[in-house]
1. So how do 170-177, 305-312 stack up, highest first, on mean other-Cβ count within 10 Å?
2. Counting only residues 5 or more places away or on other chains, whose amide H sits under 5 Å from the amide H of S414 once H atoms are built in the peptide plane?
3. F250's amide H: which non-local residues (gap 5+, or another chain) put their own amide H closer than 5 Å, with H modeled 1.01 Å from N in plane and none for Pro or chain starts?
4. If we sort 20-27, 378-385, 649-656, 525-532 on the protection proxy, mean other Cβ atoms within 10 Å, highest first, what's the order?
5. Hand me the GluC sites (Glu not before Pro) from the range 304-367 located in a DSSP loop with no more than 10 other Cβ atoms within 10 Å, in residue order please.
6. Could you give me the ³J(HN,Hα) list for the range 38-49, computed from phi with Karplus coefficients 6.51, -1.76, 1.60 and θ = phi - 60°, whole Hz, x at Gly and Pro?
7. By the gyration tensor of its Cα atoms, with a ≥ b ≥ c the square roots of the eigenvalues, what is the shape of the range 3-311: rounded for a/c under 1.5, prolate for a/b over b/c, or oblate?
8. In terms of the Cα gyration tensor, with a ≥ b ≥ c the square roots of its eigenvalues, is the chain rounded because a/c is under 1.5, prolate because a/b exceeds b/c, or oblate?
Amino acid sequence: MPIGFDRSTRQFHLYNDDFSYIIAVYDNGSIGQLYFGEPLAPDKTHPFLAPLSFAGFSNNIRSIVRFEYPSYGQGDFRLPAFKVRLSDGSGVVEPRFEKYCIYPGKKAVPCLPTTYIESDAEAETLEILLLDKESGLRIILFYTIFSAYTCITRRVRFENAGKERIILESAMSLSLDAPDSVWNMIAFTGSWAREFTMNEAPLRIGVQGVHSTLGVSGSTANPSLIFRRPETTERIGEAFGLCLLYSGNFTVCAEVDCWDIVRIRAGINPETFSWTLEREDSFDTPEAVLGWSKSGLNGLSHVFHNLFRTRLECGAWRDRERPILLNSWEGAYFDFTEEKLLAMAKKAVDLGFELFVLDDGWFGKREDDTTSLGDWFPNMDKLPSGITGLAEKIRAMGLKFGLWIEPEMISEKSRLFATHPDWAVGIPYRARTEIRHQFVLDMGRAEIVDYLFESISTVISSAKISYIKWDMNRFITEPFSMALPPDRQTEFFHRYCLGVYRLYRRLIQAFPEVLFESCASGGARFDGGILGFAPQGWLSDDTDAVQRLEIQKGASYFYPLNCMGAHVSAIPNHQTGRLTPILFRAAAAFFGVFGFELDPTKLPEEETETIKECIIFYKRYRRLFQQGIFSRLDTPTDRNTVAWMVSSEDKKSAIVAVYKLNASPNQKPFRVKLAGFDRTKVYCVSLWEPSYRAGLIFDAADKRLNCGSRGGDELMSCGLLIDNTFLAVSITGDFYSELFLIEEEA
Ligand code: GLA
């Protein structure tokens with residue numbers, strides 16, 4: 001049984017084959033954090049993990065006492081996990097252990113995205129009820145451990161069972177005290193077009209972390225953190241990570257105190273939040289996932305990838321191979337006619353695409369980004385047969401049809417604004433800040449969600465749409481809802497996020513076959529919350545392949561490849577002006593949900609053939625790319641070479657990509673240690689060589705250059721030698737990539 005309770009020590013032990021998490025009820029009824037990490041024997045007690053008795057604070061007791069869900073104002077003096085304001089103005093409560101229950105399975109949370117189970121046997125859940133007798137505040141801590149993943153999930157419910165109003169000023173999803181601070185903390189930060197930059201530093205005394213006040217999780221920081229031992233690499237060593245399944249304002253941080261205890265917190269950002277609990281009201285926090293690994297950062301990523309791909313992503317598209325799409329944005333921007341779109345689609349069919357996506361510009365009177373958001377009906381001047389007619393023509397060519405929407409927005413120049421100016425977020429007597437010429441709809445209001453559901457449903461059903469790209473292109477200013485009373489305005493941001501989730505849920509339920517891709521000016525809402533609704537997301541507006549290697553790498557620490565939209569675009573690249581060969585661009589985009597955004601009618605002849613080959617190749621190996629085990633490989637530390645691989649669960653096949661950024665002559669050979677093979681098996685290694693690269697002897701039908709056989713042990717322990725085979729064409733130029741196919745020999 002994965003959750004045990006020992007009455008003598010009052011310890012709860014959550015465990016599976018690879019992980020233990022131990023907490024206890026202290027003498028004073030608060031809950032202590034004792035241990036997390038490598039599995040400890042489940043059938044033994046561990047009395048010396050905790051202070052022998054903890055009944056209350058003295059000046060130095062903090063040096064040994066660690067908590068699970070610490071409160072404010074009682075002597076702990078570190079950042080509390082939650083804060084309340086009672087009706088007399090005081091903020092101190094004493095939540096003490098009342099009871100617990102352990103049950104197979106895992107409950108869903110109303111209105112919020114969570115990881116889930118498909119049968120009760122997959123997981124076990126512990127609920128601990130804490131009660132503050134004076135106020136009647138009940139706090140329920142939820143812990144779930146899965147048998148198959150080295151992680152737990154945590155969340156918290158607050159219930160007001162007292163007689164007076166309680167204001168929740170802060171409510172973390174997770175608070176975790178780690179016993180030492182010898183960790184490097186990695187946050188993923190950035191901005192528009194440079195999302196997911198790895199930001200790493202050793203922990204130091206004080207508070208460090210990232211947060212959002214943007215209204216969405218944002219591109220400036222992802223709601224996730226990794227802690228690795230300084231000696232941990234991609235392949236070996238201890239690391240743990242946490243990821244908050246939330247798409248609004250968040251905080252994730254670590255506080256190191258003078259006893260080197262680290263308190264880690266993850267939850268809704270208390271800077272922009274408080275919530276009123278009237279009698280009998282309750283509040284659920286988002287869920288947080290805590291993963292642990294002793295096999296390096298790749299090991300940690302695998303925990304999150306497996307969990308997110310199979311038990312967070314949901315719906316019909318979860319396990320399906322995702323279509324190769326052509327998106328119209330960089331190929332046409334706002335400048336299109338039906339004729340032009342049909343010409344692009346026709347060429348897309350020839351190239352082997354499966355889905356044509358019409359991006360921004362198809363609705364209301366939209367000719368540029370100054371108008372029409374909110375008016376979700378086709379621009380008949382631009383598209384005379386409407387979306388219905390266009391979609392029919394595109395489907396008749398053999399392509400599926402998809403559409404861009406930005407439902408949470410309203411343009412001042414729109415019919416919707418003329419009718420409902422009060423639907424836009426803002427304070428009535430102050431000017432609203434316009435960003436990208438648009439305002440934000442107050443998604444916390446049910447009638448607005450209803451309007452959006454109706455109007456978007458009409459478009460989807462009228463044109464048999466297969467795919468929706470749901471964008472969100474500005475952050476939220478002047479947060480204020482005309483539907484909320486003054487004392488509840490601090491609930492605005494969370495209500496906004498719940499409204500977005502509500503609309504997603506309704507649309508997904510109404511159109512279970514439609515594939516949803518999330519987007520927010522690229523990756524400004526690429527988080528575990530949205531992944532619970534849209535199984536893929538547009539990771540960045542930066543389509544430059546060199547930059548993409550960094551961005552996709554950053555995202556890959558938590559998020560699986562099958563949720564990362566990755567597109568090949570035209571050169572010179574529209575964001576950087578860089579010229580990279582088509583194969584390099586494709587090789588970067590293979591490691592994601594492969595697609596294109598360019599005008600295929602303008603492709604140079606020599607690229608056309610290569611693109612066809614790339615599409616054939618990706619279709620053949622799509623399951624491996626989208627559902628295989630992804631690993632980042634260690635390469636020489638000159639930052640000039642990047643290597644990635646995907647391998648199959650059954651250890652029979654793998655693809656290794658090596659990317660060289662700048663050309664330099666007479667390179668040193670090096671070895672890349674691979675992962676995921678059977679040490680006792682022999683594998684055939686070959687290079688994939690699409691036809692255009694002259695001068696190589698290869699199997700023309702298969703586009704492969706045979707590089708010989710290697711043992712699984714050799715590939716993993718010695719590594720794959722990257723030498724002049726890889727550099728076979730001696731003057732390759734900058735931005736050179738190779739793909740190795742590795743398959744078990746019969
Ligand atoms: C955002 C998205 C782009 C594109 C444009 C359209 O920037 O990230 O992919 O859809 O909006 O306006």
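The values are calculated or read from the model by the stated rules, or taken from the named source; none is laboratory data. Quantities reported herein were computed from a predicted structural model and do not represent experimental measurements. Ideal geometry is used to build each Cβ from the backbone, glycine not excepted, and the neighbour counts take in all protein chains shown. Surface accessibility is based on the protein's heavy atoms, side chains included, excluding ligands, DNA and RNA. Shrake-Rupley method; radii C 1.70, N 1.55, O 1.52, S 1.80 Å.
1. Working: 170-177: 24.6, 305-312: 22.1.
Ranked by mean Cβ neighbours within 10 Å, highest first: 170-177, 305-312.
2. S372
3. The answer is S212, N269.
4. Numbers: 20-27: 22.5, 378-385: 15.9, 649-656: 17.6, 525-532: 28.4.
Order by mean packing, descending: 525-532, 20-27, 649-656, 378-385.
5. Working: sites: E313, E321, E330, E338, E339, E354, E367; in loops: E313, E321, E354, E367.
When the GluC sites (Glu not before Pro) of the range 304-367 are filtered for loop state and at most 10 Cβ neighbours within 10 Å, nothing remains.
6. My calculation for the range 38-49 gives 3, x, 9, 4, x, 8, 10, 9, 10, x, 8, 6 Hz in order.
7. Working: a/c = 1.31, a/b = 1.15, b/c = 1.14.
Rounded shape, in that the Cα axes give a/c under 1.5.
8. Working: a/c = 2.15, a/b = 1.23, b/c = 1.75.
Since a/c reaches 1.5 but b/c is at least a/b, the shape of the chain is classed as oblate.
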